[in-house]
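Student: One structure, as structure tokens, below. Some questions next.
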Amino acid sequence: MLHPVRKQIRVHGVVQGVGFRPFVYNLAQKLGLSGYVLNSSAGVLIEVEGEPADLDLFERELTENPPLLAQIEDISTATLDAVGGAAFSIRESVDQPGQLAPVSPDVATCAECLSDVQAAGGRRFGYPFTNCTNCGPRYTITRMIPYDRPLTTMACFPMCEQCQGEYQDPSNRRFHAQPNACPDCGPSLTLSIDVARQLLHEGRILAIKGLGGFHLVCDPFNDAAVRLLRERKKRSDKPFALMVPDVAAAEKFCFVSEAERAALTSIRRPIVILQRRPGAPISQSLAPGNPTLGVMLPYTPLHHLLFGESFSALVMTSGNLSEEPIVTGNREAAQRLAGIADAFLFHNRDIHTRVDDSVARVFVGHERVLRRSRGYAPHPLRLGFPVAEILACGAELKNTFCLTKDHYAFLSQHIGDLENYETLVFYRETLDRMKQLFRIAPRVVAYDLHPQYLSTKLALEMTDLQQIGVQHHHAHIASCMAENGVADKVIGVAFDGTGFGTDGKIWGGEFLIADFAGFERRAHFRYIPLAGGDRAVREPWRLALSYLLDTFGAQLATLDLPLFERVPSKKIATVRSMIERGINTVDTSACGRLFDAVASIAGVRDEVNFEAQAAIELEALALAGVDAVYPFEFMAGSPCQIDVRPMIERIVRDVLAAQPVGWIAAAFHNTIAGIIVEVCVRLRNEEGIDRVCLSGGTFQNVYLVERAVSRLRAKGFEVFLHSKVPPNDGGISLGQAVIANAVGRTPSSAPDPRSGRADTQETEAGEGVGRGRGRPPHFCNSAC
């Protein structure tokens, strides 16, 4: 070696648990370089020595051809004095206090490991815990970083001589695979696969322990079994997920585009929402009244073994009672699922972190995450700016929380609806683990303004932290901005079912001019009374009555609407009295509630048993090829109000004229898309802003989104949607975090949101923050 050079290379990103050290070792061996590589709590540290040309090639390969699962965020290089030596080694991991390294999500079984499982005579034939550096459990088994076997739930399974040999062999794909195991030394099942298959064929319901929790499993061709699962799980209509062995099987039941195929077969293996084929030969109880099915492919060897040659599909739904967290422990399952499952398939590898299946859908050309969990979490979003150590507590429904540090935002896996004790325990347990895992000690806590949300109450208990309240819809828009790398002001369209406003009313049909530091509310749907609070959400006919009274007043009694035949007159009279007298009502501008009302007026659904059921069914009925738009008006003021009474009047006329429901549904969707475009054009004329962010649960509606986006783009707007973060409340914590980060640097003054009221001077401006007990408050000012 004539002119040796030594370099120190630090690699940050998802580079642990993905075969990065073996990759570096083999690359150095191939190029004849000396030095070492190790895991640290900050990432991967490499010192490498050799000829300059070889080092250049080493660095190029490192950046251009890393392992499949690696996600390199940045690489820093320093030149050191050469020390000589001929060997390259993998050293013991080093813990660097205060540093963090992102942990890999769990990864679906790779083709090579599946081949091992299916190879008769091989030592892993039929072994349900087969894995390698390219696949298998990661986040769900990790207790601490650095990611090494002693710090995972595999610590109690010492490797046998053969597995140890693979683990130490640089040429083997199980070189330093931390969960490496075989039938002689690894985890095992308590029930044979053959017995499990037989029970499923008999119509039994099984509780099967998986990667991030238990699944409840039954035969989707056995309608009695599916209906029994619904009854026992207390889940009336909400769709069950379907697992199929491969894409060919999925195509028997659903239409599958190339983009949907890519989503199904990705290493993340989410549940993908697909359009059901007419007459698909499976139980109609799987997804009642829904033209779509949630379909996923196997992602563990156990799943593949369960299918074998026996099944072309299986119901695979979360192992829990409705609205509770997924069960993870064997004893816990035996207690909580005893009334649902006929038999249990346990194993003895502990699940350290419970993680439910993710849900995605392809629309407007991209896979878009609707529930971010297994396969995605806890991979962070890299932000384009530094962030303080912040905890953002999220919202009430579809909760996730967010922790930030350096340039990263770590969203938790899907927690669920924070409406019961069990979910609250899950929230606290996950928060404690993520703070420990990523070495984050928050100094600021951000929360939703709604005073009754459990997430808000949790935040207000943290009196040792600076407390910053964030308006719900501002957080939605900020989340979309952060995900898409947008920092300047945008036109934000935030449509959903509920969100506490700065005027003490329920918002949800909002047009904002917003950036991270503040927002101005410029337009919203006209307020109508929500009669009976949450009862109105479960009974859309109450919302229909509100819109009808607002539109027709005393003349409503002269209308012979079918709605009045379906709902008892006594109930109608009671709720009408509540609305007219303002008893137990709150005003709402929520677009989600408008969808509910129209669904009821059109005769689609008067009561629901899961969130957005009426809106989902209304979308499903909307006919293609309908260009009609209903009329609407604008009410002058600051902010402007969108008056949909002309639309309601026309819908009622169409219902009375027996216009097909599908035509009414299509015209209604077209009208909402038209409102979005017209308001955005007005705001662009006033503000000179041509960037639009669409966020909120309503923008899971594919029919609406595709029409709104195409029409906005036709008008010259640059439109931003969510893809990595859910558009619903599951992504709101990201917005809370980036707003709190901006607000913490820009103090001003604002009211205390815990009072349930906003200062009258701030009512329509939107300050988005609240006062904490323990630290001086910081507030987000309006943009006006």
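Student: State whether the residues of segment 108-118 include one that is open to solvent by 50 Å² or more (accessible area, probe 1.4 Å), modelled with pLDDT of 95 or more, farther than 28 Å from G43 by Cβ and in a loop (DSSP other than H, G, I, E, B).
Tutor: No; the residues of segment 108-118 include none that is open to solvent by 50 Å² or more (accessible area, probe 1.4 Å), modelled with pLDDT of 95 or more, farther than 28 Å from G43 by Cβ and in a loop (DSSP other than H, G, I, E, B).
Student: Could you please give the count of residues in segment 697-725 that are over 16 Å from the mean Cα position of the chain (by Cα), closer than 28 Å to R374 by Cα and open to solvent by 60 Å² or more (accessible area, probe 1.4 Å)?
Tutor: 1
Student: Identify all residues within segment 35-64 that are under 15 Å from G13 (Cβ atoms) and of a type outside the set (A, V, I, L, M); write none if there are none.
Tutor: Those that are under 15 Å from G13 (Cβ atoms) and of a type outside the set (A, V, I, L, M): N39, S40, S41, G43, T63, E64.
Student: Would you mind stating whether G121 is in contact with a strand residue (DSSP E or B) (Cβ under 8 Å, 6 or more places away or on another chain), over 20 Å from L297 (Cβ atoms) and open to solvent by 30 Å² or more (accessible area, probe 1.4 Å)?
Tutor: No: the conditions fail for G121.
Student: Give the residue, chosen from T551, T558, T585, T574, that is of a type outside the set (G, A, S) and at pLDDT below 95.
Tutor: So the residue among T551, T558, T585, T574 that is of a type outside the set (G, A, S) and at pLDDT below 95 is T558.
Student: Any chance you could count how many residues in segment 650-697 are among the aliphatic types (A, V, I, L, M) and either outside any helix (DSSP H, G or I) or in contact with a His (Cβ under 6 Å, 6 or more places away or on another chain) (or both)?
Tutor: So the answer is 5.
Student: What about G289, is it part of a loop (DSSP other than H, G, I, E, B) and free of Cβ contacts under 8 Å to residues at least 12 places away in the same chain?
Tutor: Taking the combined requirement at face value, the residue does not satisfy it.
Student: Related question: Within segment 621-649, count every residue that is open to solvent by less than 20 Å² (accessible area, probe 1.4 Å), part of a loop (DSSP other than H, G, I, E, B) and under 20 Å from G553 (Cβ atoms).
Tutor: 2
Student: Inside segment 257-273, can you point out the residues that are part of a loop (DSSP other than H, G, I, E, B) and among the aliphatic types (A, V, I, L, M)?
Tutor: I267
Student: Scan segment 232-252 and tell me whether some residue there is charged (D, E, K, R), open to solvent by less than 20 Å² (accessible area, probe 1.4 Å) and under 30 Å from L424 (Cβ atoms).
Tutor: Within segment 232-252, one or more residues are charged (D, E, K, R), open to solvent by less than 20 Å² (accessible area, probe 1.4 Å) and under 30 Å from L424 (Cβ atoms).
Student: I would also like to ask the following. T551 versus (1) in contact (Cβ under 8 Å) with a residue 60 or more places away in the chain; (2) touching a Leu at 6+ places or on another chain (Cβ under 9 Å); (3) open to solvent by less than 50 Å² (accessible area, probe 1.4 Å): which is the lone unmet condition?
Tutor: Failed condition: (2).
Student: Name the single residue, out of those in segment 534-548 being closer than 15 Å to I651 by Cβ and of a type in the set (A, V, I, L, M, F, W, C), that is farthest from the chain's Cα centre (by Cα).
Tutor: Selected residue: L548.
Student: Being within 14 Å of D106 (Cα to Cα), open to solvent by 10 Å² or more (accessible area, probe 1.4 Å), under 27 Å from the mean Cα position of the chain (by Cα) and not aliphatic (A, V, I, L, M) is true for just one of T142, T133, T152. Which residue is that?
Tutor: T133 is the lone residue from the list that is within 14 Å of D106 (Cα to Cα), open to solvent by 10 Å² or more (accessible area, probe 1.4 Å), under 27 Å from the mean Cα position of the chain (by Cα) and not aliphatic (A, V, I, L, M).
Student: Okay, moving on. Kindly provide the set of residues from segment 554-585 that are more than 21 Å from V661 (Cβ to Cβ), surrounded by fewer than 16 Cβ atoms within 10 Å (Cβ to Cβ) and touching a residue at least 40 places away in the same chain (Cβ under 8 Å), ordered by number.
Tutor: G582, N584
Student: Same structure, new question: Answer yes or no: is there a residue in segment 674-694 that is of a type in the set (V, I, T) and closer than 17 Å to A599 by Cα.
Tutor: Looking for residues that are of a type in the set (V, I, T) and closer than 17 Å to A599 by Cα, one finds none in segment 674-694, hence no.
Student: Shifting gears a bit: Working carefully through the options F175, F221, F129, find the one that is of a type in the set (A, V, I, L, M, F, W, C), in contact (Cβ under 8 Å) with a residue 60 or more places away in the chain, in a loop (DSSP other than H, G, I, E, B) and within 24 Å of R91 (Cβ to Cβ).
Tutor: Going through F175, F221, F129 in turn, just one is of a type in the set (A, V, I, L, M, F, W, C), in contact (Cβ under 8 Å) with a residue 60 or more places away in the chain, in a loop (DSSP other than H, G, I, E, B) and within 24 Å of R91 (Cβ to Cβ): F175.
Student: So how many residues does segment 167-187 have that are at pLDDT 95 or above and surrounded by fewer than 15 Cβ atoms within 10 Å (Cβ to Cβ)?
Tutor: 1
Student: Okay, moving on. Can you confirm whether D350 is in contact (Cβ under 8 Å) with a residue 60 or more places away in the chain, open to solvent by 40 Å² or more (accessible area, probe 1.4 Å) and not in a loop (DSSP other than H, G, I, E, B)?
Tutor: So D350 does not fit the description; no.
Student: Can you name the residue in segment 286-311 that is among the polar types (S, T, N, Q) and modelled with pLDDT under 95 and, of all such residues, is most open to solvent (accessible area, probe 1.4 Å)?
Tutor: Only one residue fits best here, namely S310.
The values are calculated or read from the model by the stated rules, or taken from the named source; none is laboratory data. All values derive from a computational prediction rather than experimental measurement. Note that we place each Cβ from the backbone using ideal geometry, even for glycine, and neighbour counts take in every protein chain shown. Just so you know, the surface numbers come from the protein's heavy atoms only, side chains and all, with ligands and any DNA or RNA stripped out. Shrake-Rupley method; radii C 1.70, N 1.55, O 1.52, S 1.80 Å.
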